[in-house]
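What follows is a single structure, written as structure tokens, with notes after it.
The values are calculated or read from the model by the stated rules, or taken from the named source; none is laboratory data. Just so we're clear, the structure is a prediction, and the values are computed from it rather than from any experiment. Here the Cβ positions follow ideal geometry from the backbone for every residue, glycine too, while neighbour counts run over all protein chains shown.
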Amino acid sequence: MRARHLLSIADLDADEITEILDRAARFKREGSPPLLAGKTLALVFEKPSLRTRVSFHVAMKRLGGDCLYLSQQEVGLGVREAVKDVARVLGRYVDAIAARTMTQRTVEELAQYAGVPVINALSDTEHPCQALADLLTMREHSEGLPGTRVAFIGDGNNVAASLALACATMGMRLTLASPPGYGVPEAALALARERAARSGGAVRLVRDPAEAVTDAQFIYTDVWVSMGQEEETAARREAFAPYRVDRALLARAPAGAKVMHDLPAHRGEEITDDVIESSQFIGFDQAENRLHAQQALLAIMLGEGRT
């Protein structure tokens, strides 16, 4: 991999993403040898997690390595101790750090001072590991990523930003439908469009969810209120009410369209219970693929060459 760290999905080019996806598919199919025996990964989390914590832990164990979980209560990033000091200390103990942080600035500072590879396991602006799992899942449910049509419905948050960059890099066609004031940030959108221009993909913005799903093979949504936005709950519920993924919206999409969600889902808000329980929903495939994609990422970043 070209990148020493993975702070943004934009740190990877199409060949590097393909290498990760190919390795992930092989691990999923065949299992993996103990490539990382003697290596240790530190999970530094300012936010709680189910999928991110468990998938990284199991991935590292399957590769023969060890994993340590450090919560904000234990570490106190930027409160009990300066971020750069935590980074310098951990870098002398472990071989890599996966950080789930409140801000992108924190994960970038960890990378600057740790002296070991740092993986962005979620920040306020990006979720690159989720994007890798999303691409793996869509590849499994399609005939290949280039030209694949994806609709994202809802908040232009960190997940949407990484998805836009990932789809654009791989030559996919993404339509984003968000209410005014809640779209993907301009910087991420501009970079995604630059990448799409080079890859033959496209990134399009619309207001109407029905228009977004008209020809979509995959329909993706996420929560309306993320951690740290609780004070905005009422305003967000009002703004996003027309952006619910329900049976009426799916009726406007092709019959074979699959529905994606990075989870956890707020059933009855951004997505209805009957959609989650339908055969069209592949969100649990995405959750499983977090494990396989991260296992491949760790093997490539920390392993001795390719296998």
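Taking region 66-114 as the range and being without any contact (Cβ under 8 Å) to a residue 40 or more places away in the chain, charged (D, E, K, R) and either buried (at least 17 other Cβ atoms within 10 Å of the Cβ) or within 19 Å of residue 37 (Cα to Cα) (or both) as the test, the residues that pass are 66, 92, 109.
All told, residue 171 meets the bar of being in the same structural domain as residue 232 (by TED's automatic domain parsing), more than 14 Å from residue 218 (Cβ to Cβ) and surrounded by fewer than 24 Cβ atoms within 10 Å (Cβ to Cβ). From the list 210, 202, 151, 197, the lone residue that is among the small types (Gly, Ala, Ser), surrounded by fewer than 22 Cβ atoms within 10 Å (Cβ to Cβ) and within 19 Å of residue 280 (Cβ to Cβ) is 210. Assessment of region 249-269 against the conditions (assigned by TED's automatic domain parsing to the domain that holds residue 179, in a helix (DSSP H, G or I) and touching a residue at least 12 places away in the same chain (Cβ under 8 Å)) yields at least one matching residue. Listed conditions (1) within 20 Å of residue 16 (Cα to Cα); (2) over 18 Å from the mean Cα position of the chain (by Cα); (3) not in a loop (DSSP other than H, G, I, E, B) are all met by residue 143, apart from (3). Flag: residue 234 does not match the condition of being closer than 14 Å to residue 272 by Cβ, surrounded by fewer than 20 Cβ atoms within 10 Å (Cβ to Cβ) and either in contact with a Leu (Cβ under 8 Å, 6 or more places away or on another chain) or aliphatic (A, V, I, L, M) (or both).
Looking across region 174-198, just one residue is assigned to a strand (DSSP E or B) and either farther than 16 Å from residue 221 by Cα or among the hydroxyl-bearing types (Ser, Thr, Tyr) (or both), and that is 175. Restricting attention to region 139-152, the residues that are closer than 17 Å to residue 250 by Cβ and either of a type in the set (A, V, I, L, M) or modelled with pLDDT under 95 (or both) add up to 2. The single residue among 195, 92 that is assigned by TED's automatic domain parsing to the domain that holds residue 272 and over 17 Å from the mean Cα position of the chain (by Cα) turns out to be 195.
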